[in-house]
Each structure stands twice: as structure tokens, then as C-alpha cells.
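The next block holds one structure in the form of C-alpha cells; read it before the comments.
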Amino acid sequence: MSAIRTTECRAPLHEHPGRAEISVNGEHCVQPVIYLAFVDDWEVRGNGTGDPRVLQFEPMRKLVEIFNNYGIRGSFNVEVMQQLAYRNLQERFPELKVIADEWEQVVLDSFRQGHDIQLHVHPQWWGANYEGHGNWTLDGDWSILNYPNLQIRAMLLSGKQYLETLLRKIDPAYACVSFRAGSWCAAPSDSLLPILSDLGFVFDMSIVAGIRYDTPQIKLDYTQCEESFAPYYPDMRDARRVSCSREPIACIPTNSFSGARIALFRRDFGKARMALRRKIDGLRNRRIGALPPLSRGPSGDEWTNKSESGAIAFTKRLLKRFIVGQTYISDLAQLNYAMMRRMMVNIRRQAARSGLPRVPVILENHTKDIHDFTDIEKFVADVAHSPDVKTVTLTEIADGLRNGTFRARTA
Ligand SMILES: [Zn+2]
């Protein structure tokens, strides 16, 4: 499925048996093995809206079924602050206990089938208030970096302990070893990486090279990252920078890519058509008195940059998207099949250029945003049949970093 022009090398490579030497668009490289991690951030909407059964439980079961059909093990970064809030308030609101119990059941079922579970934290759930009928008020700051050190430690520790207590019922050796920050907020920070390494995390995957947000909730700038693809040892106070020396924790960027303008246009057109169809279905249901579907919750516009409102800004945004090109997070829920193929072309090209024999690559996904599994299933089938791509869980990546299978670079 790669569009990269490659040519086989005539001489065998003695130091890496089984690996071919290739030419990538004229550059001479060694063909690496790509270890692809299918990662999903598992949560409701950032403002607490949306029914967990619709946004999490049902699509996670479906995704696990797809992975199982192709012999692939996925990884789920489960958002634990939400679950802890449900547990805290379940005595007063018994309906929360029903949901929290099912949450555990779905997580345990997936884990039992070989899929990995790791930590994701949205700190806005700190001190969450519930008024009943699915209405949450989340007043906490959206960035973990804006909390005092003791609170950061408390959130990470309670999340890690919660998952380890839950999953060690099935696998006594289970450990919570990787982290992705809610809303990608991980740098710069004097405390986040030191606390993570102190608590035994092996790597962080919160950096996405090329993204920048300036919204009421989220401010971050990852446009000047020193490593956009391969594992690295980070500057312990700024994960956007590569350290000169080995550090107690590694970073692996969540993959991102640019280009794919025609595919992007088709995606946006398809999305608009689907939104219209949902609207028509909703109106028809109301007219015939059918029960409304369980809530998906309004997503809000937490990802729209402040400078991008108004007609001129809208035009600028369109120009940037379709003419200049922009950075896309490799988030399967946001991509159509053509964009996923484009993403893999980029991954293969970057992997070849990295000079590494084996390179772990971390994808993103959000069950809450998947409306149709067709393209994801097609992509999973492609990956399952690609000889140069193996799939790995986050735990396997952590093991590989520890035992030297995967190399993290220094500056
Ligand atoms: Zn999240």
C-alpha cells in the first residue's frame, strides 16, 4: 500500500539478517520494521457530556472485535479521572455506580482478550460536580501543567494505582507504564516528567510535533519539536526538546503527518453529508415520536484556535487546510481510508530515514468520534497483511525500550 518508490539492494546485509536495503526517493536507507501501536483515548467529551455507553462501551467492544478478527492487539488509554468521579459520587447517585461497574467490565473484558490498558488523565474532572440526569459540571483546569506538583502527583498516582488494582486481578504482572496527557498538555513543565519517572512510567506519548492550540481551555505550542517521529530522551523540563544524555523516562511522539489535501477534502465533504443525515434522522424521530438516541454530547469547539473565528479567519483556515496543508494528528477517528494510506506512506518514509532497525510508531484514535468503522477496519486489514509492519501494545513498547529492542535517541 506504500507509494514510496523502493528498490531492493543486491548485497545482503550481514549485520541485520533479513533486512533489505532500499532507496527512498533517491536516498539510500535500510528498510526498518515498523512496530505500530493502535492507541485509543477512551473517554467522554472534555466537558463531561455524552453517554459513556454510546461514546465508550459500545464502540470499544466493536473495535476490540475488529482487532480480534485480524489478530491485532490494541491499546486503550483509559481516562481514569472520569471513572474516579463516578466512583466518588456513586453512593448519592446509584445510576453512576451502574455506569462505573460497566466501565470496569468493558476494560476487564478487553484486557482479558489481550488488549492493553494504560493511563490517560483529564484533570478537569478534579472536584467534578454532578446534578443528576447526566449533567456534570467540570470546573477544573484542562491542563495538568497548571496544577501544583502535589496535585499532579496525586492524580497520576491514583490513576496508576486504580488501573493496577483492577487489572492485576487478571494479570498479577500488569503495570501501568505509559502516559498520555489530556488535551496533549505536557510541555514545558518542571514537574510532569520527573513525577512520571518517579512513579515508574517508562515513556510518555503526549507530544505531537507540529500542533499548536490557543483556546480558552488549551494553550500549547509543539511547532518547534526537536524530534517528530522516533523515541527520544527528553529534556526533563521541556519534552519538546531532546536531551544530551540518557534520562529516566523516554518520549515517543504520537504520530502526525501533513499533505493529503484531496483526501482531506473528501473527508470533510463526507462528514458534512453524515451530519446532515443525522440531523434529518433526528427531525424524523421527533416527528414520529421515537425515543431520542442515547446522547453523544456536544463536542464544543475546544480545539478551535482563538484567532480562527470570524469570516476572514474562516477563509484563512480553509486556505491553510486545502492549499498550504496542515499537520494532522494520526487519529484514525478523524481520517478516512485515503488519509490513513497517506499516513502510512509518511510513516514508512520517516522510518526509513530514521536509520533505526526497529521503530515503534504510536497512532491515536477516539472511540467517541467513530461514527462508521468501515475505513478503520479496511486499514486494520491492510496493516495485518503488511510484511514490514508488526503491531505492538504499549506495554510491549515499554519492554522494548527497557531491554534495548527499541532505541531512544539523545541529542
Ligand atoms: Zn483525552
Those residues of region 74-118 which are touching a Ser or Thr at 6+ places or on another chain (Cβ under 7 Å) and in a helix (DSSP H, G or I) amount to 84
Restricting region 178-211 to residues that are more than 16 Å from the ligand (Cβ to nearest atom) and closer than 18 Å to residue 331 by Cβ, the one nearest to the chain's Cα centre (by Cα) turns out to be 209
In region 363-397, residues that are in a loop (DSSP other than H, G, I, E, B) and either within 28 Å of residue 44 (Cβ to Cβ) or aromatic (Phe, Trp, Tyr) (or both) total 9
All conditions in (1) of a type outside the set (D, E, K, R); (2) more than 29 Å from residue 139 (Cβ to Cβ); (3) crowded, with 17+ Cβ neighbours inside 10 Å; (4) modelled with pLDDT of 95 or more are true of residue 68 except (3)
Listed by first then second residue, the pairs whose first member lies in region 42-55 and is under 19 Å from residue 111 (Cα atoms) and acidic (Asp, Glu), whose partner is part of a loop (DSSP other than H, G, I, E, B) and within 14 Å of the ligand (Cβ to nearest atom), with beta carbons under 7 Å and at least 6 positions apart or on separate chains, are 43/122
Expected single match for among the aromatic types (Phe, Trp, Tyr) and more than 14 Å from the ligand (Cβ to nearest atom) among 57, 76 is 57
Checked against (1) under 22 Å from the mean Cα position of the chain (by Cα); (2) modelled with pLDDT under 95, residue 133 satisfies every condition except (1)
When residue 339 is run through (1) surrounded by 16 or more Cβ atoms within 10 Å (Cβ to Cβ); (2) over 29 Å from residue 182 (Cβ atoms); (3) at pLDDT below 95, the failure sits at (2)
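The values are calculated or read from the model by the stated rules, or taken from the named source; none is laboratory data. What you see is a predicted model; the values in this text were computed from it and never measured. So basically every Cβ, Gly included, is an ideal-geometry build from the backbone, and we count neighbours across all protein chains shown.
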